[in-house]
Amino acid sequence: MRGHDMLRALNLAGINDSGCRMREYVGNLHMHTTTSDGHGTHDDVANAAIRAGLDFIVVTDHNTLPTEFEGYYYRGFQRVLRIIGEEVHDVERVPERSHLLIYGTEEDLSAYADRPQVLLREVRKREGLSFLAHPRDCGVPRFDQPELSWGDWEVEGYTGIEIWNFMTSFKCLLRSRAHAAFYGLFPSRIRRGPEKSLLERWDRLLGSGKRIVAIGNADAHALPVQLGPLRRTIFPYEWLFKAVNTHVLLDEPLSGEASEDRMRLLAAVGGGRCFVGYDLPASTRGFMFSAHAEHGNAIMGDRLRYRLGATLQVSTPQIAKIRIIREGRVVREWPATQHGVHSIGEPGAYRVEAALRRTGAAAIPWIYSNPIYVEHG
Ligand SMILES: [Zn+2]
Ligand SMILES: [Zn+2]
């Protein structure tokens, strides 16, 4: 096998140019504790994350940044890296809109909440990351749940968007009390993926030449609710941490040193070296989307230059319906496969969606990759 072919074959298995296997770390980057409107403490969420098998979490309480909780949290020999971010929004705004997730800044920026563009600039100044939270949300007036969509699409300079917020998926299904009781009692029946209009907007932004990173999260609060005669916590932290997560790819394993690991994970998220996986119906660990050209290889988030042509490769941990999408257009679809290879000759932002096939039922939304930015020249 020639060196170049060998690299291609290795990369299919998620192995980087220096011959090391890419390391995959699973995290959840949107949750609330008793520091704001969640019902568990910082230690409760860390313990739940360990039980759920997560490698890291980012706690994002509203308009506050209690960094004293940051670092590795241990339970016996198990650990989870706890990163502290925040979810900033203008509490005076009516109707309430435009929640922004902020990671990697050392100070609370909620003083800028009423000026979204200034807020984004302040995040950048501190080399932080910013993600539009639940940008396409559903309001449920009968349960006093306001619609919390993003309301300031003219702003520039954000890192990305939260394409899948599990609480939005739930809210958008609540057409009646019966629906609320059903999905509250049987949450695994929630099979609503990212909102279609949001994916369309993401594709339009990518088509305009922007780099927009996608993440997917729980937005966990562990709220106790009354369901008829039952009072129970709907969506406990541990359950939600087994649902929609962001899987991050690193060249080297985490070191165990909290500030270094935090920096590397956030850099990979900011660079789009990650994908969104719905791990409840089946684990999405092991998914890979890569691209290969004459002089290089790329994974999600990367740029790849080609002269004659490039090849895209997808592999999923289970047989799935796989689609490659270029800026809103499906360029290749496999109804049921685990590995796909597709040659391209057109530049653009290519991303992958995979759905689980279930006989006699609609496909379950499962994996949403970040794009590979393919350039000619
Ligand atoms: Zn929010
Ligand atoms: Zn939130």
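Coordinate-derived values only; no laboratory data. Computed from a prediction, not measured in an experiment: that's the story for all the values here. So basically every Cβ, Gly included, is an ideal-geometry build from the backbone, and we count neighbours across all protein chains shown.
For the range 238-338, applying the loop criterion from DSSP together with a ceiling of 12 other beta carbons within 10 Å to the GluC sites (Glu not before Pro) yields 257, 294.
If the cut-off is 12 Å between C-alpha atoms, which aspartates and glutamates fall inside it for residue 321, apart from same-chain ones fewer than 8 positions away? Within reach: 333, 353. For the chain, relative contact order (Cα pairs under 8 Å, six or more residues apart, normalised by length) works out to 15 percent. Using R0 = 45 Å, the C-beta based FRET efficiency linking residue 39 and residue 204 works out to 0.75. From the Cα gyration tensor of the range 55-151, with a ≥ b ≥ c the square roots of its eigenvalues, which class applies: rounded if a/c is under 1.5, or else prolate if a/b is larger than b/c, or else oblate? Taking the square roots of the gyration eigenvalues as a ≥ b ≥ c, the range 55-151 is oblate. Taking θ as phi - 60° and the Karplus parameters 6.51, -1.76 and 1.60, the scalar couplings of the range 295-301 work out to 10, x, 10, 8, 10, 2, x Hz in sequence order, x denoting glycine and proline.
Tell me whether the range 24-286 comes out rounded, prolate or oblate; compute the Cα gyration tensor, take square roots of the eigenvalues as a ≥ b ≥ c, and use a/c under 1.5 as the rounded threshold. Because its axes are fairly even, with a/c under 1.5, the range 24-286 counts as rounded. Based on alpha carbons, the Rg and Dmax found for the range 247-308 are 14.0, 43 Å. Between 62, 39, 342, the GNM of the chain built on Cα springs shorter than 10 angstrom shows 342 fluctuating the most.
Derived scalar couplings between HN and Hα for the range 310-323 equal 9, 10, 9, 10, 10, 9, 10, x, 9, 4, 8, 7, 10, 10 Hz in order, rounded to whole Hz, by the Karplus curve 6.51 cos²θ - 1.76 cosθ + 1.60 (θ = phi - 60°), x for Gly and Pro. If the segment from residue 77 to residue 153 were pulled out straight at 0.36 nm per residue, it would be longer than the present Cα-Cα gap by 22.9 nm.
In a fully extended conformation the segment linking residue 267 and residue 115 would gain 52.2 nm over its present Cα-Cα distance, using 0.36 nm per residue. Positive end of the dipole of the range 24-286 (Cβ unit charges, origin at the Cα centre): among 104, 62, 128, the Cα lying farthest that way belongs to 62.
Under a cut-off of 20 Å between alpha-carbon atoms, report the lysines in cross-link reach of residue 125, not counting same-chain residues fewer than 8 places apart. Cross-link targets: 210. Rounded to the nearest 0.05, the FRET efficiency derived from the C-beta distance between residue 143 and residue 63 at R0 = 22 Å is 0.40.
Of the trypsin sites (Lys or Arg not before Pro) found in the range 144-178, those in coil by DSSP whose Cβ has at most 13 other Cβ atoms within 10 Å are 175.
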